[in-house]
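Let me begin by presenting the structure, written as structure tokens, before commenting on it.
Derivation of every value follows stated rules applied to the coordinates shown; laboratory data play no part. All figures in this text were calculated on a predicted structure; none of them were measured in a lab. Cβ coordinates were reconstructed from backbone atoms using ideal geometry, including for glycine residues, and neighbour counts include every protein chain displayed.
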Amino acid sequence: MRTALRFRTVVAVAAAAALTITVAACSDSKDAATGDGTAATATGEGGDSGGSGADAASPDTASSVTGEVAWWGWTPDKDVGDNYITEFNKVYPNIKVTFKNFENTQYKPSLRAALAAGEGPDVWNVAPGGDTGGVVLYADYVEDLTQLATNWLGADFATKWTPGFSSNLTLDGKLTGAPLGGVAAGFLWINQTLFDQYGLSAPTTLDEWVDVCKTFADNGIICYGLGSGGGQTFASELLRVVLNSIDPDFFLQACQGKREWNEPIMVQAIEIMRQMQADGIIEQDTVGKIHYPDSNNDFMSQRAAMNSMGTWYAQYSRKSSAIASMEAAGVSNPEPFVMVPIMFPNLAGNDWTPQLFAEVDYGLAVNKDSKNKEAAEIFVAWLTMTEEGSRTVMNALDLTPSLVGVEADWDKVDLVDNAVQKPAIQELFGEVEKIAQVESRQKLQTAETLQALVVGVEQILGTNVDAQAIADQIQADATVSPLQP
């Protein structure tokens, strides 16, 4: 039986009502979303963008440019990145691009060391926040791409991208990266093939989820694959979902210091998560697993029926990617299964509207000291500022759309089950374009806050430490974000 995706997006939460927020700028400022092309600062104020100058690459002369470009990133997968390059070279055959993919934990130390030594790549990934690609980590080395965006998209370039995406990558008036695409979390992926096999529907309440998990457990299948160990942030996103189910405003307000992490709502969320574990929804050994690779492999090998990955997981709806990922998970001669996104069940018993959190996933920065700057700018511009390049990105189903009005060429996307998966993924991606203005994923979480939440979740699901004590420790260790929503 087909499980429908049930989105009801929150677009008028109290924070939005108070601030009329976009992802990274307040509406009473001259931000990128105003349509005048003025990039916003990290605090949402307009100002001198310090543009890269009139010598930024132009589409009028791009065809005559030659050069070699080194691109570093923690994402996409190597085969996806290489395909971007192959498609780029069909248009610009005289620019050679080499992509180097890093593990998340190796990206920052490798890139910072290379940049400090004057040996950094020509192009690299930057993200709105976090401790891997956050714009603040590399801002001293990037070229301001304001003029490049103006050359390729016009003075109103910010309106050509999903609202908030350009301002989300803007720091102190500098466009640090051109947005490649968006990402969202706060929902589940389910193995529809397994759900159909056992005659199950997607759960909408905690009680229904307990029943679903009992059926899977009786048949030797992990219900919900969630690795909480290894210092990764995926399990802390479940905590955020639980908190949002109680009060959709609390999480971002706490990130900004407007609420305290040790308020009763946090204790309530901790108790809900512990009850989910006691009821068999969350595995007992969750802290002994790392979401990547352990829980990913459980899901892709069909040992687990559900997983809380984000929109990037849509790529495994494609037959070729599904087969490759199943083989990497240890499956011999895999038969790809049908996976679809669904919203979390109602976790707090409230009159709750499921709420995603989203932002630009990452952008492409250009090294201000690159010896091949024009070639690097053309590569970045083609992928992020042209319909052809953006569609190439969309066809991988790795990111949600960045350039407005561009979606995947579905005739070229070989899904496992087109009739079931295509409408579900289209609906998911469409919702991300709406909520990217309201509920950012990681931008407002400082490195200290991310770490405090990760450690807190490990204590929630791996110890008997008192719930209030865990909440108090999160409050003590977290720091207030200097950024605006």
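With each pseudo-label sitting 7 Å past Cα toward Cβ, what's the Thr215-Glu68 distance in nm, one decimal? A separation of 5.8 nm, rounded to one decimal place.
What translational diffusion coefficient, to the nearest whole µm²/s, does the stretch 337-419 have by Stokes-Einstein, given a Kirkwood radius computed over alpha-carbon pairs, a temperature of 25 °C and 0.890 mPa s viscosity? The partial results should precede the final answer.
Values: Rh = 16.1 Å.
Here the translational diffusion coefficient equals 153 µm²/s.
Please work out the Kirkwood hydrodynamic radius for the stretch 142-196, using every pair of different C-alpha atoms, and report it in angstroms with one decimal place. Let's see the in-between values first.
Values: mean 1/r = 0.0747 Å⁻¹.
One over the average 1/r among Cα pairs gives 13.4 Å for the stretch 142-196.
Provide the three semi-axes, in whole Å and in decreasing order, of the ellipsoid equivalent to the stretch 180-253 as defined by the square roots of 5 times the Cα gyration tensor eigenvalues.
On the way: eigenvalues 135, 47, 36 Å².
Over the Cα atoms of the stretch 180-253, the ellipsoid semi-axes are 26, 15, 13 Å.
Cα extents for the stretch 306-380 along the principal axes, largest to smallest and rounded to whole angstrom: 56, 43, 16. Couplings for the stretch 468-480, taken from phi via the Karplus curve 6.51 cos²θ - 1.76 cosθ + 1.60 with θ = phi - 60°, read 5, 5, 5, 4, 4, 5, 4, 4, 5, 8, 6, 10, 7 Hz in order; Gly and Pro are left as x.
Working from Cα pairs under 8 Å separated by at least six residues, relative contact order for the stretch 167-314 is 39 percent. In a fully extended conformation the segment linking Thr105 and Val455 would gain 124.3 nm over its present Cα-Cα distance, using 0.36 nm per residue.
What share of the DSSP beta bridges in the chain is antiparallel, in percent to the nearest 5? All intermediate terms of the calculation are to be shown ahead of the outcome.
On the way: 25 of 41 bridges.
Approximately 60 percent, going by the DSSP bridge assignments.
The mean sequence distance of close C-alpha pairs (under 8 Å, at least 6 residues apart), as a share of the length of the chain, puts its relative contact order at 26 percent.
Each residue of the stretch 277-289 is assigned a 3J(HN,Hα), and the resulting list reads 5, 5, 7, x, 6, 8, 4, 5, 9, 4, 6, x, 10 Hz, derived from the Karplus form 6.51 cos²θ - 1.76 cosθ + 1.60 (θ = phi - 60°), x at Gly and Pro. By how many degrees, between 0 and 90 and to the nearest 10, does the Cα long axis of helix 447-462 differ from the longest principal axis of the chain? Helix 447-462 sits roughly 20 degrees off the main axis of the chain. Within the stretch 91-117, which residues have the backbone N less than 19 Å from the label spot 7 Å out from Asp369 along Cα→beta-carbon, could you tell me? Of the residues in the stretch 91-117, 108-117 have backbone N under 19 Å from the label point off Asp369. Could you pull out the pairs from Lys100/Lys368; Lys214/Lys289; Lys90/Lys443 whose alpha carbons sit more than 27 Å apart here? Too far apart for the 27 Å limit: Lys90/Lys443. Helix 319-328 and the longest principal axis of the C-alpha atoms of the chain enclose an angle of approximately 70°. Given R0 = 35 Å, the distance between the Cβ atoms of Ala419 and Ala476 translates into a calculated FRET efficiency of 0.10. What aspartates and glutamates sit close enough to Lys108 to cross-link, taking a C-alpha to C-alpha distance under 19 Å and skipping anything fewer than 8 places away on the same chain? Here the aspartates and glutamates satisfying the reach criterion relative to Lys108 are Asp77, Glu119, Asp122, Asp131, Asp140, Glu143, Asp361, Asp369, Glu448. Rounded to 0.05, the FRET efficiency of the Tyr198 and Glu335 pair, given R0 = 25 Å and the Cβ-Cβ distance, is 0.90. If the Kirkwood radius is taken over C-alpha pairs of the chain, then at 25 °C and 0.890 mPa s the Stokes-Einstein diffusion coefficient equals 108 µm²/s. Evaluated at q = 0.09, 0.11, 0.17, 0.18 Å⁻¹, a Debye calculation over the C-alpha positions of the stretch 381-485 (equal weights, vacuum) places log10 I(q)/I(0) at -0.43, -0.59, -0.86, -0.89. Other residues with beta-carbon under 15 Å from the beta-carbon of Trp312 carry, at +1 per Lys or Arg and -1 per Asp or Glu, a net charge of -3.
Using a 10 Å cut-off on Cβ atoms, rank the peptides 174-181, 241-248, 400-407, 458-465 from the highest mean neighbour count down. Mind dumping the intermediate values first?
On the way: 174-181: 28.4, 241-248: 22.1, 400-407: 19.6, 458-465: 16.8.
In descending order of packing, they fall as 174-181, 241-248, 400-407, 458-465.
In degrees between 0 and 90, to the nearest 10, how far off the longest principal axis of the chain does helix 206-218 point, with axes built from Cα atoms? For 206-218 against the chain, the angle is about 80 degrees. With the convex hull drawn over the C-alpha atoms of the stretch 113-257, the volume per residue is 198 Å³.
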